[in-house]
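S.K.: After the structure tokens below, expect a handful of questions from me.
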Amino acid sequence: GCSDETAGARRRRQVVYERALRVLPGSYKLWYKYLMERKHILEQGRYPLDSVLYRALNNTFERALISMYKMPCIWLEYLEFLVSQGFITRTRRAFDRALMALPVTQHGRVWVLYLRFASQEGIPVETTTRIYSRYLKIEPGHAEEYVEYLRSQGRWREVAEQLIKVVNDRSFRSLEGKSKHDLWMELCDVITSHPGEMAGLRVEDIVRGAIARYKDEVGRLWTTLADYHTRRGLFEKARDVYMEGLSSIVTVRDFSLIYDALTQFEEALIASAIGDDGEQEEDSKGAAVGACDFLLHDAGDDLELRLARLEHLIEGRPELLNSVILRQNPHNVNEWHKRAKLFPDDAEKRIAVYTEAVTTVDPALAVGNPHSLWISFARVYEGIGDLENARAVFEEASRYPYLYVDNLATVWTEWIEMELRHEKFPEALNLARRGTTVPSIRRSREDETGMPVQDRLYRSNRLWSLRLDLEESLGTPESIRGAYSVAMDTKVITAQMILNYASYLRENSYFEDSFKAYERGLALFKYPHLKDIWASYLSDFTERYKGTKVERTRELFREACEGAPPDFARPLYIKYAAYEEEFGLARNAMNIYEQAVKGVRKSDRLLIYELYVTKASEFFGIAKVREVYESAIESTEYPLPDEDTLKLVLQYSNLERKLGEIDRARAILVHGSNIADPAKHAAFWKEWNSFEVRHGNEETFREMLRIKRSVIASFSDQHFNTAIIDAASVAVGVDDDADDVDDGDLEAPGPTTRVPGFVSAGVIQQGNRNDGGAQGEAGNNPEAIDLGQDDDDDEV
């Protein structure tokens, strides 16, 4: 039926296509439709691959390609049809023919199918490698695809060769985003992981090239190279590589990587040796080996040697790690000291370490103090009792090109102290004199800038201080004076040295010479260094002459006080006044205190005034005391801080109160209230309040409150009508107790008052009243304070 009719129709269509193609063999459309129709028939019929129809269609494709050899679609359909049939040689040759027939611009479409065919299972590896080799000539950027194929096939030699080509090609750009670094690491992993397949390749040179190129991966690469030799069974060579890596790396991370790998390597060798020994013991039971046959029967048992190597490796880890840090910076002084401390009981190794250190460290690049290396070096020799070599080290250290004079001075002082420790006192003194020898040609400090430190050593205060101490202990009086004189002439002397020199002269009864030393010190120094010199000078002078040379002493004190800055003048004025009190005139002492107020800093004036008041009370009585207080409180040229002024006001007021001068005390408080802000000086107002409670009355208490309100207003920059406020406060105060109370009711019997907590002094001031109870003269102010008409000095 239908199938026969369909088959007949297909045959008729094929006959028509064949006839048309004989007439039009160059028609692409006819050939393409004809071939696709026949291919579709085969796909729908699911015929076996060895069917005659497949061979017939293959022949039809071949006939079409005679005239359609430039048509890529025909070629691609034919090639895909051949690939589906499983032909290898025929398909490969067809691909080759297509590549030769088509232009280069169309080869990309062919190669996609060609590579897919080459990667199929069952295709011989040699065939695929040749196909990829041809492809990489026109597309070298796809080398990674070929590498992955070779890796999947286990062709490690070819993988290494391709990776070598890739890393050597500067124009190569990875399509997978890999960097040159990644490709190098991949190459090294491949060649070291499969040593048996790398015959002919210079594996070690390749890995060392990567080590030289990538400094951040040296630890990994050294372990990789050692692992390569381990896989080949070259254990000694592997150990040498590990040790070479440890001696060349410069980072702690790489050190940890290599050291851990080496430790595991040694442990694996020991485990292997233990296993081999066990087998040999079983095989050799019952067999005795004579001493003469030892060499013939030695089995090469090196277990003890391997254990010793591992122990040495573990014990030497701090030294190896220190070497790594020193390779990072060989001029790190502290690391050299740490290295020497690794051998506390081995003097030879410490000597070797310091010898290498002092020859390696450049003072211009040193991190730390390079002179400490020389000092420690000499102490090693000193510790073993070899003073000659210790002196030789110090001698060499004294010629080392330090950057700073203080470094060289430290070396000299250590050298001198070593001689002192071994009681070589003449040698120590000679060294001190040698180190402080002044050059014959004098230069200024500016001219000496840039000269070697050896030429500037004589200006070292540290070395001079040691020499002067030694001169005082071991030298003669002439040598001591000469040393101090040279120190002063070269201006290297310090204030403390001046004090020491004067003390030495005083102890040896050279008093005038000690005063001359003080005078030279005063000429050399300025404040603040002069503070101690003046203090010692004045103390020694007054102790020596006491009251015998008063004018000379006064001249010294005046010179000291006039030249002293305000910050340092107070103790000088106090000492000057004390001298006048003891050996001079009390009037002069008062004048000195008055001058001190002007010469000291503002914060010290209160102390001076307090001393001034005390001494005035002691020598001249209350009149002078009042004069001092008033001058202190009212001074405008040399004023006190407000806090200090209020303290003096309260002291002055308390003094008058104790003397029974209540009105004067109150007037002083009123005067001081002008600067007493209640928000800051509550203690002042509390004291005044207590004063009024004890000694005042209602009127004086109200006056105090009125003054306090006015002060508050003045400090808060508010303007109040004080008259209205006073009137309102009086009205409120009266109405609080009784509505019918008037001013006349204030004459209640007894010294009572309506102010809460107020204790009256027993006197209530009132205005004069007439017979009708009316108020007296309008000119009398009941709130006025009577300060007394006959005490003009107390009016404020």
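The values are calculated or read from the model by the stated rules, or taken from the named source; none is laboratory data. Keep in mind it's a predicted model, so treat the numbers as computed, not measured. Counting neighbours? That spans all protein chains shown, and the Cβs are built from the backbone with ideal geometry, glycine included. These accessible areas exclude ligands, DNA and RNA; they are computed on the full protein's heavy atoms, side chains included. Shrake-Rupley method; radii C 1.70, N 1.55, O 1.52, S 1.80 Å.
S.K.: For segment 560-591, give me the residue count where each residue is open to solvent by less than 20 Å² (accessible area, probe 1.4 Å), out of contact with any Cys (no Cβ under 7 Å at 6 or more places or on another chain) and under 19 Å from Lys531 (Cβ atoms).
M.R.: Of the residues in segment 560-591, 5 are open to solvent by less than 20 Å² (accessible area, probe 1.4 Å), out of contact with any Cys (no Cβ under 7 Å at 6 or more places or on another chain) and under 19 Å from Lys531 (Cβ atoms).
S.K.: For segment 456-492, enumerate the residues that are aromatic (Phe, Trp, Tyr) and either touching a residue at least 40 places away in the same chain (Cβ under 8 Å) or under 25 Å from Asn508 (Cα atoms) (or both).
M.R.: Within segment 456-492, Trp464, Tyr484 meet the criteria.
S.K.: Looking at segment 530-548, is at least one residue modelled with pLDDT of 90 or more, surrounded by fewer than 15 Cβ atoms within 10 Å (Cβ to Cβ) and not in a helix (DSSP H, G or I)?
M.R.: Among the residues of segment 530-548, not one is modelled with pLDDT of 90 or more, surrounded by fewer than 15 Cβ atoms within 10 Å (Cβ to Cβ) and not in a helix (DSSP H, G or I), which makes the answer no.
S.K.: Any idea which residue in segment 691-708 is most open to solvent (accessible area, probe 1.4 Å), counting only those that are farther than 17 Å from His671 by Cα and assigned to a helix (DSSP H, G or I)?
M.R.: Filtering first and then ranking leaves Arg694.
S.K.: Can you confirm whether segment 252-275 contains a residue that is under 23 Å from Leu307 (Cβ atoms) and assigned to a loop (DSSP other than H, G, I, E, B)?
M.R.: No; the residues of segment 252-275 include none that is under 23 Å from Leu307 (Cβ atoms) and assigned to a loop (DSSP other than H, G, I, E, B).
S.K.: Ok, one more. Taking segment 70-86, which residues are in a helix (DSSP H, G or I) and either under 13 Å from Arg97 (Cα atoms) or among the hydrophobic types (A, V, I, L, M, F, W, C) (or both)?
M.R.: Pro72, Cys73, Ile74, Trp75, Leu76, Tyr78, Leu79, Phe81, Leu82, Val83
S.K.: Still on this model: Would you mind finding the one in Leu310, Leu326 that is surrounded by 12 or more Cβ atoms within 10 Å (Cβ to Cβ), in contact with a strand residue (DSSP E or B) (Cβ under 7 Å, 6 or more places away or on another chain) and assigned to a helix (DSSP H, G or I)?
M.R.: Leu326
S.K.: Moving to a separate point now. Which of the numbered conditions does Arg38 fail, given that it passes all the others? Conditions: (1) of a type outside the set (A, V, I, L, M); (2) open to solvent by 30 Å² or more (accessible area, probe 1.4 Å); (3) without any contact (Cβ under 8 Å) to a residue 24 or more places away in the chain.
M.R.: It fails just one condition, (3).
S.K.: Report, ordered by the first and then the second residue, all pairs with beta carbons closer than 8 Å, sequence separation of six or more or different chains, a first member in segment 511-540 that is more than 14 Å from Asn500 (Cα to Cα) and without any contact (Cβ under 8 Å) to a residue 24 or more places away in the chain, and a second member that is part of a helix (DSSP H, G or I) and of a type in the set (Phe, Trp, Tyr).
M.R.: So the pair list comes out as Leu522/Trp534; Leu522/Tyr537.
S.K.: Can I ask one more? Residues that are touching a His at 6+ places or on another chain (Cβ under 9 Å) and either open to solvent by 20 Å² or more (accessible area, probe 1.4 Å) or assigned to a loop (DSSP other than H, G, I, E, B) (or both): does segment 419-426 have at least one? I'd like the intermediate steps shown before the answer.
M.R.: So in segment 419-426, the residues touching a His at 6+ places or on another chain (Cβ under 9 Å) come out as none.
Looking for residues that are touching a His at 6+ places or on another chain (Cβ under 9 Å) and either open to solvent by 20 Å² or more (accessible area, probe 1.4 Å) or assigned to a loop (DSSP other than H, G, I, E, B) (or both), one finds none in segment 419-426, hence no.
S.K.: Considering segment 170-200 alone, what residues qualify as being surrounded by 14 or more Cβ atoms within 10 Å (Cβ to Cβ), acidic (Asp, Glu) and either under 14 Å from Ala143 (Cβ atoms) or at pLDDT below 80 (or both)?
M.R.: If the condition is that a residue be surrounded by 14 or more Cβ atoms within 10 Å (Cβ to Cβ), acidic (Asp, Glu) and either under 14 Å from Ala143 (Cβ atoms) or at pLDDT below 80 (or both), then Glu186 is the only one that fits.
S.K.: Going by what's in this entry, would Val112 be described as of a type in the set (A, V, I, L, M), open to solvent by 70 Å² or more (accessible area, probe 1.4 Å) and over 30 Å from Glu145 (Cβ atoms)?
M.R.: no
S.K.: Continuing with the same structure: Among the candidates Pro401, Pro318, single out the residue that is under 29 Å from Glu427 (Cα atoms) and modelled with pLDDT under 95.
M.R.: Answer to the selection: Pro401.
S.K.: Let me ask something else. Among (1) touching a helix residue (DSSP H, G or I) at 6+ places or on another chain (Cβ under 9 Å); (2) open to solvent by 70 Å² or more (accessible area, probe 1.4 Å), which single condition is Ile74 missing?
M.R.: Exception for Ile74: condition (2).
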